[in-house]
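Worksheet: one structure, shown below.
Taken together, the values in this text are just the output of simple stated rules run on the coordinates, not laboratory data. The structure presented is a predicted model; accordingly, all values stated were derived computationally and were not measured. Don't worry about glycine lacking a Cβ; one is built from the backbone with ideal geometry, like all the others, and counts go over all protein chains shown.
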Amino acid sequence: MRCTSVAILAAAVTAVTASPATRLEARKNVDRPDPANLDHCPGRPTGDADACTFEKQSDLPDRRRWFILGDPVANCNDPNAPDISTTVGGERTITQTWDHTDSAEINLFGIKIGGESGWSEATSKTERQLVTLTIPKGKQKAVVAGVNHKESQGRIRINYGDPSGDPGANDYHYIWYQNDIVSSQPTDDVEYDSKEINCGETFDPNNL
């Protein structure tokens, strides 16, 4: 009886220890075009990665970004019109932006990105301001908000459930990286001003 019990126990141990190996064997290499592309992140068109996480590597100097609040007001219809005094402004929600260090902003609409080192979630701020402005004839005016942003440079880590790689490259990994990413998060430090341009011109969002 004692020998029989030992044999049964040994068989059970063998079955238990074999189970993790079986699970590992189920993992297979998966061909994914450009596995470091952020379109693989959850919420993006491909969306087949398990998770995407921003890893902060260094802090950058703060940066004040300017935005138009509400709709500009123009005094352009009559060359002999008097100056217009009116209320201008409105509100705008400013959210975290992501840029590549070559200054090209990345379109991450719908992306779900986690964060590390204090960047646990994307930040949004809503700014509201109404100002009474005088608009001379032949001019347009807008209220602008300058929102100070905390900026950080790092990379986005892309995690897959199976080893993934470019088709035919025979280079498979669970983790891929998109390097040289700048995260820009709005703060509560806001300045308000107005911007005036001529009729026929267009407000340049990069020069407010």
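List of remarks:
- At R0 = 30 Å, FRET efficiency that the Cβ-Cβ distance of Thr93 and Glu191 yields, to 0.05: 0.95
- Taking 0.36 nm per residue of separation and subtracting the Cα-Cα distance, full extension of the segment from Asp171 to Gln153 would add 3.8 nm.
- Theoretical gain in end-to-end length, Asp34 to Cys199 [0.36 nm per residue, Cα-Cα removed]: 54.8 nm
- For Cys199, Cys41, Cys52, the sequence from fewest to most other C-beta atoms within 10 Å is Cys199, Cys52, Cys41.
- Across the range 146-159, coupling constants 3J(HN,Hα) worked out from phi with the 6.51/-1.76/1.60 Karplus curve, θ = phi - 60°, read x, 9, 6, 10, 7, 10, 9, 9, x, 9, 10, 8, 10, 9 Hz, and Gly and Pro carry x.
- Gain upon complete extension [Val131, Ser85; 0.36 nm per residue less C-alpha separation]: 15.5 nm
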